[in-house]
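Working notes, beginning with the structure itself.
What follows draws every value from the coordinates through simple rules; no lab data is involved. These numbers were taken from a predicted model, which means no experiment stands behind them. Note: ideal-geometry Cβ built from the backbone for every residue, glycine included; neighbour counts use all protein chains shown.
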Amino acid sequence: MAVQGALTRTVRDAAAIYDAVVGPTPSSVYPTPTPTTPFSTVITTAPRRLRIGFHIGSAINPNPDPEAVAAVTNTAHLLESLGHHVEEVSQPYDDAALARDFLTIWFAVVATEIDEARRMTGARDSDFEADTLAVGEVGRAAGVVAAFTALNNVNEYVTSLDAFHADHDFLLTPTLATPPPTIGSMTTPRLLQTVSRVIAKLRGGALLSKVGILDDLITENLGWVPYTQLANLTGRPAISVPMHWTAAGLPLGVQFVGRLGADGDLLALAAQLEQAQPWFHRYADIQY
């Protein structure tokens, strides 16, 4: 659900990086097949005619910003002009349930990482950010059963995507539901930081859960980015491509999610889009 990767300005560089790191290691839990054709070669050939379904709405954010809507609809028109079949589809998975499961797993991981940091370094509460302490306490209070239930639910999202990919090659969504957030816009207010530290010290995670803190955190933490947890939880390949620029001069991506093993096809499609609508020469128009 979390891996080390790289952000690149070109599809060529993305392909080169994955050519360098793809494949199993002696410590891998599962075998990973190595592609017979390098990704750097795959992207030199235009993809076949693809069937792409797009969806914009989200239960977490039912009304995405018009810029996010434009990012997808404009990309859909470009895809059609390139010969692909594009159609709007209903949400192929329960994203509200997925968001809850995603945060349940995430919070449980944070709780264990806090404990590990304390054990390895002797860190005290004052050494952690207040948000980290609060999240970890909610995860600790939820217990093992909640985390394992959330992990088991991942199978349902995999099955939902399998059904979708029976008829479609890729799912197209916005990458963000809003324009890129400004630095500092997500900073927790000082009063809430103080409350979070007190709750963590008193082990009040159970109280936070009972008063609906998880639902609030879903909206606050994922309302602007409700789409990308899908690939994280299901292990499906996905790519964000900067196909749109906002009126304020900021890049805004669209996300493509593919079936298992479609990494090369994703890169080939991204390369085709980059050729049709280059972005390498563009930089955000930010006023400091």
What net charge do the residues around Ala248 carry, taking every other residue with its C-beta under 10 Å from that of Ala248, with Lys and Arg at +1 and Asp and Glu at -1? -2
Excluding Phe54 itself, calculate the net charge of residues whose Cβ lies under 14 Å from the Cβ of Phe54, where each Lys or Arg counts +1 and each Asp or Glu counts -1. -4
GluC sites (Glu not before Pro) lying in DSSP loop within the stretch 94-129, provided at most 16 other Cβ fall within 10 Å: Glu129
Taking only DSSP H segments of four or more residues, each worth -39500 (n - 2.57), what value at 222 nm results for the chain once the sum is divided by all its residues, to the nearest 500 deg cm²/dmol? -16000 deg cm²/dmol
Out of the DSSP beta bridges found with both residues in the chain, what percent are antiparallel (nearest 5)? 60
Compute the Cα gyration tensor for the stretch 31-121, then decide on rounded, prolate or oblate, letting a ≥ b ≥ c be the square roots of its eigenvalues: rounded whenever a/c is under 1.5, prolate when a/b is larger than b/c in the other cases, and oblate in all that remain. oblate
In whole Hz, with x marking every Gly and Pro, tabulate ³J(HN,Hα) for the stretch 20-27 from phi via Karplus 6.51 cos²θ - 1.76 cosθ + 1.60, θ = phi - 60°. 6, 10, 5, x, x, 10, x, 9
For the stretch 1-156, list log₁₀ I(q)/I(0) at each q in 0.16 Å⁻¹, using the Debye formula over Cα point scatterers of equal strength and ignoring solvent, two decimals each. -1.24
Can you tell me the alpha carbon radius of gyration of the stretch 212-284 divided by the globular rule-of-thumb value 2.2 N^0.38 Å? 1.35
Cubic angstrom per residue, convex hull over Cα atoms of the chain: 162
Trypsin sites (Lys or Arg not before Pro) restricted to the stretch 22-83 and DSSP loop, no more than 14 other C-beta within 10 Å: Arg48, Arg49
Using +1 at the C-beta of Lys and Arg and -1 at the C-beta of Asp and Glu, which of Leu161, Thr132, Trp279 has the Cα lying farthest in the positive direction of the dipole of the chain? Thr132
